[in-house]
Amino acid sequence: MIREVLIDGDKRLLQISQEVTKGEFSSMGLLKLIRDMQDTMEFKHGIGISAVQVGVLKRIALIGYDQANPRYKEIGHCPLTVIINPTIEPVGSETCEYNEGCLSVPDIRGIVSRPKQIRYRFYNEHGELISGESADFFARVLQHEIDHMDGILFPMRINQEKL
Ligand code: NI
């Protein structure tokens, strides 16, 4: 089911989302929410979405993209990935810039600087731990989605000196 996407100005987007609890993994409610997030993201041609964007303040995101997406070019390929209760840490001090967009901030893009390489840990919808390192577009999107979970929208990270 496609859900309404909250738009910048909605105060829920500035709140901190809560962790998914052990008992919620594999539950009908969680699986239905993830399905709705997938439907909504695909309908909007997004490459990532966090639960808060459909009004659910839980630390859940989906990331998935390929070259066919009309909103993004040359980003490689990532199968649809469920991300729950993620934690990340930068690897090294290198940063990179990217012209970000967001389904909750329509018609605006902006250059955001973030750590290039990260180490990550998160759970899938069945509570299985997934960990790894990334220095590609996945690292960029994951940091953007975790920002959503912490009530941060990308314009809050735009380097003012470059405007
Ligand atoms: Ni976003």
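Inside region 1-19, can you point out the residues that are basic (K, R) and either in contact with a strand residue (DSSP E or B) (Cβ under 6 Å, 6 or more places away or on another chain) or within 27 Å of N124 (Cβ to Cβ) (or both)? Let's see the steps before the verdict.
Looking only at region 1-19, we keep the residues that are basic (K, R), and these are 3, 11-12.
Residues satisfying the conditions are R3, R12.
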Exercise. Being in contact (Cβ under 8 Å) with a residue 24 or more places away in the chain, of a type in the set (A, V, I, L, M, F, W, C) and in contact with a Pro (Cβ under 9 Å, 6 or more places away or on another chain) narrows it down to one of I2, I7, so name that one.
Key: I7
Exercise. Test P70 against the criterion of being more than 16 Å from the chain's Cα centre (by Cα) and either over 27 Å from R12 (Cα atoms) or within 16 Å of the ligand (Cβ to nearest atom) (or both), and give yes or no.
Key: yes
Quiz item: Do we have any residue at all in region 124-142 that's touching a helix residue (DSSP H, G or I) at 6+ places or on another chain (Cβ under 6 Å), within 30 Å of G29 (Cα to Cα) and either away from the ligand (no atom under 13 Å from the Cβ) or aliphatic (A, V, I, L, M) (or both)?
Solution: yes
Quiz item: Which is under 22 Å from F43 (Cα atoms) and within 13 Å of the ligand (Cβ to nearest atom), of I152, I75, I146?
Solution: I146
Quiz item: Inside region 91-107, can you point out the residues that are surrounded by 13 or more Cβ atoms within 10 Å (Cβ to Cβ) and under 16 Å from M156 (Cα atoms)?
Solution: E97, Y98, E100, G101, C102, L103, S104, V105
Exercise. Looking for whichever is touching a Lys or Arg at 6+ places or on another chain (Cβ under 9 Å), within 13 Å of the ligand (Cβ to nearest atom), under 30 Å from G23 (Cα atoms) and touching a residue at least 12 places away in the same chain (Cβ under 8 Å) here; the options are G46, G110, G55. Which one fits?
Key: G46
Exercise. Would you check which residues across region 9-32 are more than 15 Å from the chain's Cα centre (by Cα), part of a helix (DSSP H, G or I) and closer than 12 Å to L57 by Cβ and list them?
Key: K11, R12
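Values in this text are rule-based calculations from the coordinates and carry no lab data. Remember, it's a predicted structure, so these values are computed and weren't measured experimentally. Methodologically, a virtual Cβ is constructed for each residue, glycine included, from the backbone with ideal geometry; neighbour enumeration extends over all protein chains shown.
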